[in-house]
Amino acid sequence: MEKTMVKKRSVLTPTLIAIVGFLTVCPIVMLVFGSFSTGLGAFGEFTLDKYILGYTDPELGGIIVNTIIFVLGSSMVATGLALFLAYLNTRTDIPFKFLFRIISIIPMMIPHILFSVSWVLLLNPSNGLINLFLRQIPGFEDLAINIYSLPGMILVEGLLDLPIAYLILAPAMASFDIALEESSKVCGGTTLRTLFRVTLPVLRPAILAAFILSLVRSLASFAVPSVIGMPGRIYVLATHIYQSIATGFAADFGKAAAIGMSVLATSITLIYIYRYLTSEGEKYVTISSRGYRPTVIELKGAKYPLFSVVGILSMILIVLPVLVLFYTSLVPYSMIPSAKAFSMMSWKHWIEVVNDPISLLSLKNSVFLGVVGATLGVMLSVFVAYVIVKIRSHASGILESLSFLSFSFPGIVIGVGFMWFFVRTPLYATIWALLIGYIATYLPYGVRPLASAFVQVHSHLEESSQVCGAGSFTTMRRIVIPLLIPGIVSGWILMATMFVRELTLSVVLSRPGTEVLAVQIFRFAEDGLWGQLSALGIMMIFISTALVLLATLVGMKFKPVEEGE
Amino acid sequence: MEIKIKNLSKYYYSGGKTIKALDNVSLSIPANRIFTLLGPSGCGKTTLLRCIVGLEAPDTGEIEIGDDVVLSTEKNIFVPTENRGLGMVFQTYAIWPHMNVFNNVAYPLQTRKVPKDIIRSKVEKTLRFVQLEGFEDRPATKLSGGQQQRVALARALVAEPKVILFDEPLSNLDAKLREETRKDLRVFLTELQITAIYVTHDRIEALSLSDIVAVMNKGQIVETGEPRNIYLNANHRFVADFIGRTNLIEATVTSQEESVTTVDCAIGRLACRKRADIKPGDRVTLCLRPEFIRLKRGNASEAQNVFNGQIKSLVFIGEAFEGEITIHESQLFIKTEPHSDIEVGDRANFTVDPDHCLLVTR
Ligand SMILES: Nc1ncnc2c1ncn2[C@@H]1O[C@H](COP(=O)(O)OP(=O)(O)OP(=O)(O)O)[C@@H](O)[C@H]1O
Ligand SMILES: [Mg+2]
């Protein structure tokens with residue numbers, strides 16, 4: 001009996017290492033091979049041509065400068081805002097604290113491409129709604145605030161990365177040991193001085209971690225650089241790579257791979273620094289065992305001014321994009337809201353979208369990828385998390401590192417890597433290619449909630465079930481699975497919403513017949529079909545929301561407390 | 001039910017080193033008594049317990065519960081935990097947070113496919129027994145530490161196992177509750193006439209709760225006996241030291257007499273409890289419990305086992321004086337009746353009954 005159990009485990013770990021290893025290492029290896037080869041169809045012989053071609057490009061210098069400014073700038077915006085919000089929420093008596101939870105979660109459900117598009121609709125120089133509005137004011141007739149610029153990109157990307165930075169900073173601040181601050185005050189430090197001399201330095205690892213994660217995100221970002229950067233002819237590495245594979249006949253995957261290599265290397269380095277910081281961070285941020293809440297700082301007169309900043313931010317992050325898109329989907333062309341505009345409203349764009357076969361196909365594909373992909377991804381995550389948390393052998397350490405690797409994957413680069421693999425298989429241009437790519441890139445989003453769920457299932461809980469006479473099947477059914485349900489649900493929600501809105505990887509892997517929502521929206525944006533784009537975008541938000549509700553309902557069906565007998 | 005353990009060994013391999021968690025343990029646990037495994041942290045108590053329930057697979061050995069061999073590495077027998085029919089209370093209690101009290105307690109009966117009405121009546125009876133009547137519908141997460149402990153006990157008892165095992169079940173309770181629960185537990189277990197194996201590193205818990213104590217060290221059983229016997233007649237230095245506060249003094253055997261063994265040590269020549277297995281010249285350790293060192297008044301010179309010392313420190317703790325005395329440069333702990341009129345700095349004579357001078361080896 002025991003013998004067979006040992007056997008099962010010893011098969012499980014290598015199998016998972018093989019699967020996850022394939023998912024994460026395969027695209028990297030293919031990318032490396034591809035960058036040294038002559039073409040996509042056949043590797044040909046070993047050559048450095050693509051590197052020479054890619055790195056002697058005279059435009060590359062400017063692109064790298066743009067990338068650095070964009071990535072650093074947006075990460076500073078994201079971390080700064082997140083710090084501000086986290087501090088207000090965890091340490092002060094600011095009202096309506098529930099808003100902070102909303103700010104930290106809802107934007108994850110609004111696809112990045114739609115968020116970017118809504119800013120284009122508001123602030124593009126020719127007919128952005130805000131520009132149109134301001135031009136009505138005498139003296140501003142020639143005004144054109146231009147979103148198609150580096151500051152515009154930085155602002156939008158910063159807002160997009162805000163939630164993830166907040167999710168790292170808020171818990172760190174909440175678990176901060178208040179005694180450190182109190183002793184500073186006893187020594188005569190003012191609130192502000194304490195903040196800058198004690199609180200922020202102690203939180204430095206968490207702040208750095210949030211900053212680095214934002215760097216990785218913005219380096220991988222494609223939505224903002226493509227929707228906002230490209231029309232203004234501002235290229236960063238992601239769009240530069242995209243250009244070399246997207247220009248019709250002259251698509252050059254080799255050059256894309258050669259440049260992608262440096263992006264990937266940077267990204268992996270950053271992620272390992274991040275990982276080091278978060279494991280180090282636990283030493284710094286002391287969780288107070290005495291368990292009382294940090295004292296709340298009274299904002300007094302600053303309370304409502306500060307709150308209005310938070311209110312405006314949540315408007316900008318959540319309400320505005322949806323509102324702008326919905327409005328745009330109803331009016332025939334860009335015009336500021338007025339009686340005339342309302343009288344011209346119609347469902348025309350919606351009807352066009354519903355009658356557009358490619359849009360419908362993309363809807364169908366994205367729903368399929370969201371539901372099936374998330375389900376498969378969560379199943380894999382359950383096993384991976386189990387091995388990482390419960391088996392704790394040398395091999396499980398390897399598995400953890402492997403599954404963590406994809407955290408650093410810039411979608412477009414990994415897409416290029418996968419292309420080299422898929423063209424050699426019958427999977428090429430099928431929906432399964434996208435599915436595999438998605439799971440590979442987003443695996444950590446499933447593994448993390450499940451790993452923390454497994455941590456909560458103390459081994460004694462399983463063992464006492466065995467002592468009570470339950471076999472491993474009953475123990476699984478009545479003890480382990482019910483305790484995992486919350487983790488499974490949140491893993492599924494995360495994966496499903498990410499898959500429904502996936503753009504960066506899909507823009508490389510999607511072929512005619514396997515269009516997905518975000519790519520279709522991207523095409524609409526390229527063609528300037530804002531009305532149809534908005535209609536499809538609203539549908540996309542509906543689908544994401546519906547999936548979240550569905551998963552939550554299913555999770556509630558397995559109530560945490562068993563009733564009666 | 002009696003439990004027999006033969007030559008049980010369990011090794012762990014970590015970082016290239018082999019840890020002998022259990023080193024060839026042989027043990028016989030009598031039926032229907034409270035048997036305690038006592039030992040310092042890391043000595044292998046939990047490992048032994050887990051081997052008995054079957055949560056750990058030993059490297060070698062044999063375990064017999066009643067007439068059933070549940071483990072024999074020689075005959076390749078391993079009865080899985082769920083078929084051993086035991087009850088166990090974990091250190092963390094392992095109350096399932098997603099179930100209410102009723103389902104937690106009913107679980108062992110449900111896995112054994114007992115009819116529902118019998119389950120209900122048995123759970124009720126057991127909850128009444130552990131004084132948790134009316135808690136059936138309470139979610140498990142809304143229980144105090146002491147209540148969780150009793151739910152865990154109820155769950156271990158409900159299927160009427162012949163053997164129940166406890167792994168430091170009181171270590172998560174505060175001092176007062178721990179004392180009360182210890183008393184209750186002894187009453188419960190004696191009333192039930194059940195074989196109980198109890199693991200603890202707390203000597204007072206072990207002494208006051210058990211019928212038999214086995215002291216463990218480094219994966220081995222050092223000594224087994226009734227609490228009083230172990231306390232008063234330990235044979236090993238480790239046991240004497242671990243089971244209670246004591247003075248340990250290196251000594252050399254000078255002679256074996258009819259009723260006593262005499263030794264020489266730093267505080268002089270003492271007549272000790274007779275130990276036949278040592279001979280003059282052997283190095284032994286003298287064990288003097290503080291509470292057996294008494295003040296000796298009047299003429300001291302002709303009496304046996306009298307030594308003169310100076311009082312170095314003295315603390316009044318209510319029921320006694322605790323302190324240290326200096327005798328020829330060695331220090332001894334003493335514990336003496338609270339009405340003594342001694343003070344720090346006084347010189348006084350002290351005496352110990354030879355029967356309380358214990359000679360221990362190793
Ligand atoms: N899974 C394991 N892997 C490696 N070593 C282990 C493992 N479990 C226990 N050990 C080691 O075996 C030895 C005995 O452990 P055990 O848990 O039985 O001690 P214990 O007497 O119960 O201690 P405590 O009073 O602290 O609970 C210890 O040295 C421990 O470090
Ligand atoms: Mg233990």
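Miscellaneous remarks
- Local electrostatic count at B:Ala94 - Lys and Arg +1, Asp and Glu -1, tallied over other residues with Cβ under 12 Å: -2
- Cross-link table B:Lys125/B:Lys183; B:Lys20/B:Lys183; A:Lys97/A:Lys303; B:Lys6/B:Lys162, entries beyond 24 Å C-alpha to C-alpha: B:Lys20/B:Lys183
- Relative contact order of chain B, pairs being alpha-carbon contacts under 8 Å that are 6 or more residues apart, as %: 16 percent
- Residue exposure sequence - A:Asp252, B:Asp117 - by fewest surrounding Cβ within 10 Å: B:Asp117, A:Asp252
- For chain A, the relative contact order is 22 percent, taking Cα pairs closer than 8 Å that sit 6 or more residues apart in sequence and dividing their mean separation by the residue count.
- Least to most buried among A:Met335, A:Met261 (fewest other Cβ within 10 Å first): A:Met335, A:Met261
- Karplus-derived 3J(HN,Hα), 6.51/-1.76/1.60, for each residue of region A:508-518, Hz, glycine and proline x: 8, 8, 6, 10, x, x, 10, 5, 10, 3, 5
- Each of A:Val516, B:Val213, A:Val309, A:Val457 was scored by other Cβ atoms within 10 Å of its Cβ. Listed from fewest to most, they are A:Val309, A:Val457, B:Val213, A:Val516.
- Spatial separation of Cα centroids for region A:464-494 and region A:25-42, in angstrom: 42 Å
- Per DSSP, loop trypsin sites (Lys or Arg not before Pro) in region B:95-193 with at most 10 further Cβ within 10 Å: B:Lys113
- Cut-off of 10 Å, at most 15 other beta carbons, DSSP loop: longest stretch of chain B lacking such GluC sites (Glu not before Pro): B:134-256
- Helical content of chain A, expressed as a calculated mean residue ellipticity at 222 nm, amounts to -22000 deg cm²/dmol (DSSP H runs of 4 or more residues, -39,500 (n - 2.57) each, divided by residue number, nearest 500).
- Using θ = phi - 60° and Karplus 6.51 cos²θ - 1.76 cosθ + 1.60, couplings along region B:266-273 (whole Hz; Gly, Pro as x): 4, 9, x, 8, 10, 8, 10, 3
- Cα gyration tensor shape of region A:496-538, rounded if a/c is under 1.5, else prolate or oblate by comparing a/b with b/c: oblate
- Whole-number D in µm² s⁻¹ for region B:246-310, Kirkwood Cα-pair radius fed into Stokes-Einstein, 4 °C, 1.567 mPa s: 102 µm²/s
- Per residue, the average separation of C-alpha pairs within less than 8 Å and at least 6 apart gives region A:480-565 a relative contact order of 42 percent.
- Residues with amide H under 5 Å from that of B:Ser26, placed H, sequence gap 5 or more: B:Asn7, B:Leu8, B:Ile221
- Taking the three principal axes of the alpha carbon atoms in region B:3-234, the coordinate ranges are 48, 42, 37 Å, sorted in descending order.
- Kirkwood Rh, angstrom, chain A [1 / mean 1/r, Cα pairs]: 25.5 Å
- Taking the square roots of five times each eigenvalue of the Cα gyration tensor of region B:140-291, the equivalent ellipsoid has semi-axes of 41, 16, 12 Å, listed largest first.
- Residues whose placed amide H lies under 5 Å from that of B:Cys272, excluding near-sequence neighbours: B:Thr261, B:Thr262, B:Val263
- Averaged over the residues of peptide B:108-120, the number of Cβ atoms from other protein chains lying within 10 Å of each residue's Cβ is 2.
- Considering only A:Pro27, B:Tyr231, A:Asn146, the residue lying farthest towards the positive end of the dipole of the protein assembly as shown is A:Asn146, judged by Cα position with unit charges set on Cβ.
- Computed Rg/Rh of region B:245-360, alpha carbon atoms with Kirkwood Rh: 0.98
- The HN-Hα couplings worked out from phi for region B:58-67 by the Karplus form 6.51 cos²θ - 1.76 cosθ + 1.60 (θ = phi - 60°) are x, 6, 9, x, 9, 10, 10, 10, x, 9 Hz, whole numbers, x standing for Gly and Pro.
- Given 16 as the ceiling on other Cβ atoms within 10 Å, longest exposed-site-free region of chain A for trypsin sites (Lys or Arg not before Pro) in DSSP loops: A:425-565
Bear in mind that the values in this text are calculations on the coordinates, not laboratory data. Keep in mind the model is a prediction, meaning the values are calculated, not measured. Ideal geometry is used to build each Cβ from the backbone, glycine not excepted, and the neighbour counts take in all protein chains shown.
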